[in-house]
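In what follows, a structure is listed as structure tokens, so that the remarks can point back to it.
Derivation of every value follows stated rules applied to the coordinates shown; laboratory data play no part. None of these values were measured; they are calculated from a predicted model. Cβ atoms come from the backbone with ideal geometry, glycine included; neighbour counts cover every protein chain shown.
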Amino acid sequence: MGTKATFILLAALLPAFAGAGETVVLSPPVGTVVAVGQRFDVRAALPGREDVRWEVRLGERSLPGGEAPAGVFLQRGVMLAHAGRHLLRAVARGGGGEVVAAAETTVEARPWRGAGGAKNVILLIADGMGHAHRTAARLALHGLEGGKPRGWLAMDTLPVEGVLTTSSLSGLVTDSAAAGHALATGTKTANGMLGLWPDDTPERDDDNPRVEQLPGLLWRERRMVTGIVSNADLTDATPAAFVAAVADRGAAAEVVRGFRHAAAEGYLQVLLGGGARHLLPGGEPPAEFSAAGYRLVRTAAQLEAARREGATHLLGLFHSGHMNTEFDRQRRGDPEVVKDFPDQPSLEAMTRAALAALARHPHGFFLMVEGALVDKQAHNGDQERVVWEVLAFDRAVAAALEFARATNTDGIAGNDTLVVVTADHETGGAVLPGVVLAGCRGSRDCLLTYDAGGFPSAGDADGDGFPDVVEGERKVVLHFAAGPDRYEDWLAQPRPVPLALGRAGRDRLVIPNPERDGGTGAWLGGITPVTVPPQGYAPTQTVHTAVDVPLSAYGPGAEALGGVRDNTEVFFALLRAVGAGSATVRR
């Protein structure tokens, strides 16, 4: 969703001034804040006019402009060297020198170069994880005694707690592209976009104004290297948000070009996840990865061998598309689900391998770890797979904390680590209304609320970080309110199954999927649209919501993330935590 064709509607969100009946569209968007030294593009256009000459000033500087479509001003790679608010003004003149139209806005630059206390930064993003997803995982693993949790998740133990707002430039409810962009750049963009801002030319993809992402900036300023880990296809929105500049998040080939550029520049040194169909054309890795000496691994066993042998550059591709869920990787459902890729590593194993490789870099690292399948299984309304994914993500958090606590307590100055755990948005409108008893199905009366429900069953006797049994005597109900009509019997699905189907034909209606608890489940009414649109996605899944998401942090600079903040603030907090340091090499 969110292809560039929809972005012409965003002109109202960009700075504009009407003169003589004509309107300038100016970027960066209204309210943009960048970091001192962060690269971004300035663009001005007068839609429908190719016969104008531009005069553009940013602060005291006159910008010369560069190659651009006729009638468009485009200056790539602008930087602000000083903190503060800087006036951006664009004037369009006609053939006789007369002013045809003008627009102005301010761009704020924030300082961050300073002492800094962190050498390394680990950002862990559970895609789609809201408070309810996180609580459900804790209840399923530890349960309650006397009304109190019998144990805590690793992410519950971080000392700083906050929440993030998540809306995008184009709407109340964000998608993963715009949310990832906010975390990676500190700026807002439209849904569906990565690393750039919308413009007035939906028919072309080469003239959008871009903004520099965190990995590139940290490399230029600090020579910090980057690792990206996800259990999604690596061309998916969140991993792509940290390297790619694309107008359509679905442009996988363009995302791969971003990975290739980052590898060639030298700052992307670890890339682990799914998506072999895009990153192994003809079965061989891109030339930039081969030239840089990346070790290609395809299985969990190969990844562990590479970790033990001290590999410093890793390209791990463990599935052709999205990796399988932890629930299925553990063969808790139908074992046939993973038959094509039977030896996929856990998110924890990928995180540990990435940390081992990146820790060898003398100037520190930035590591982004995404638990992508929380979102994908929440879209399916699949309680068990969501809970297992949150717990798998928590195991990765535990690995990150183990690393950080070692660096932060070893008495060695200058090698500390900041860990930030959060989500990009909430998926599914998840709530925890009560419990269901084993064996009860086919009726909403199975749901027991308040005292009737008591406390849910839980247990992890083997200490592996996952519940011992899937179907306990009393199961906590993770209900997804922001979805379509569906059937529900509150039992685990043997394999991932869609909630609903988009029926083709004259009526074009969304209907409950009869293969998903159709013979045993209670009918639950939904809230999402019931008509399949002529174009775009059929509303057969749960949707994202605008609910604030949790954030937890530990290490130097963590205190800056406490309280309620916008998601763009994470970018600036990470930068301030590292400062410029002695390794500064600015280009």
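3J(HN,Hα) along region 84-95: x, 9, 10, 6, 10, 10, 10, 10, 9, 10, x, x Hz, from the Karplus curve 6.51 cos²θ - 1.76 cosθ + 1.60 with θ = phi - 60°, whole Hz, x for Gly and Pro.
Subtract the Cα-Cα distance of ARG57 and GLN535 from 0.36 nm times their separation in residues, and report this length gain in nm to one decimal. So the chain would gain 167.9 nm between ARG57 and GLN535. Applying the Karplus relation 6.51 cos²θ - 1.76 cosθ + 1.60 with θ = phi - 60° to region 490-498 yields 3J(HN,Hα) values of 6, 9, 4, 7, x, 8, x, 9, x Hz, where x marks Gly and Pro. In terms of other Cβ atoms within 10 Å, CYS446, CYS440 run from fewest to most in the order CYS440, CYS446.
Relative to the compact globular guide of 2.2 N^0.38 Å, what is the alpha carbon radius of gyration of region 186-245, as a ratio? Before the final figure, lay out the partial values.
Values: Rg = 13.0 Å, N = 60, 2.2 N^0.38 = 10.4 Å.
Scaled against compact globular proteins, the figure is 1.24.
If you take the C-alpha gyration tensor of the chain, multiply each eigenvalue by 5 and take the square root, what semi-axes do you get, largest first, in whole Å?
On the way: eigenvalues 333, 176, 97 Å².
Working from the Cα gyration tensor, I get semi-axes of 41, 30, 22 Å.
When DSSP beta bridges are restricted to pairs lying wholly in the chain, around 60% turn out antiparallel.
Positive contributions from Lys and Arg (+1) and negative ones from Asp and Glu (-1), summed over other residues with Cβ under 10 Å from the Cβ of ALA311, come out at +3. Based on the convex hull around the alpha carbon atoms, region 282-418 presents an average projected area of 9.8 nm². Distant-in-sequence amide contacts of LEU501, defined by a placed amide H-H separation under 5 Å and a gap of 5 or more residues or a different chain, comprise ILE511, ASN513. Modelled spin-label separation between ARG85 and ARG277, with each label point placed 7 Å from Cα along the Cα-to-Cβ direction: 4.9 nm.
Placing unit charges on each Cβ (+1 for Lys and Arg, -1 for Asp and Glu) gives the chain a dipole about its Cα centre, and among ALA423, LEU46, PRO550 the Cα reaching farthest toward its positive end belongs to LEU46. Centre-to-centre separation between the Cα atoms of region 191-255 and those of region 398-470: 31 Å. With N counted as the residues of region 483-541, its alpha-carbon radius of gyration over 2.2 N^0.38 Å works out to 1.12. Averaging the sequence gap over all C-alpha pairs within less than 8 Å and six or more residues apart, then dividing by the number of residues, gives the chain a relative contact order of 20 percent.
For LYS339, the aspartates and glutamates whose Cα comes closer than 16 Å to its Cα, not counting residues fewer than 8 places off in the same chain, are GLU326, ASP328. Could you list the residues of region 233-268 with an amide nitrogen less than 17 Å from a label point located 7 Å from the Cα of ALA287 in the Cα-to-C-beta direction? Counting only backbone N, you get 256-266. The distance between label points at ARG331 and ASP462 comes to 1.1 nm (points 7 Å beyond Cα on the Cα→Cβ vector). Charge tally for TRP54 (other residues, Cβ to Cβ under 15 Å; Lys, Arg +1; Asp, Glu -1): -3. Placing pseudo-labels 7 Å out from each Cα toward the beta carbon at SER443 and LYS339 gives an inter-label distance of 3.9 nm.
Residues THR157, THR235, arranged from fewest to most other Cβ atoms within 10 angstrom of their Cβ, appear as THR157, THR235.
Straight-line reach from LYS148: taking Cα to Cα under 24 Å and skipping same-chain neighbours fewer than 8 places apart, the lysines in range are LYS475. Normalising the average separation of contacting C-alpha pairs (under 8 angstrom, six or more residues apart) by the number of residues puts the relative contact order of region 483-541 at 46 percent.
Directionally averaged projected area (region 390-464, Cα convex hull): 8.8 nm².
Our estimate of slack between LEU432 and THR520, defined as 0.36 nm per intervening residue step minus the Cα-Cα distance, is 29.5 nm. Computed extension length for ARG495-SER320: 61.2 nm, one decimal, from 0.36 nm per residue of separation with the Cα-Cα distance subtracted. Among ARG395, ARG495, ARG308, ARG223, a tally of other beta-carbon atoms within 10 Å of each Cβ gives an order, fewest to most, of ARG308, ARG495, ARG223, ARG395. Near GLY186, the amide H atoms lying under 5 Å from its own belong to PHE571; only residues 5 or more places off or on other chains count, and H is placed 1.01 Å from N.
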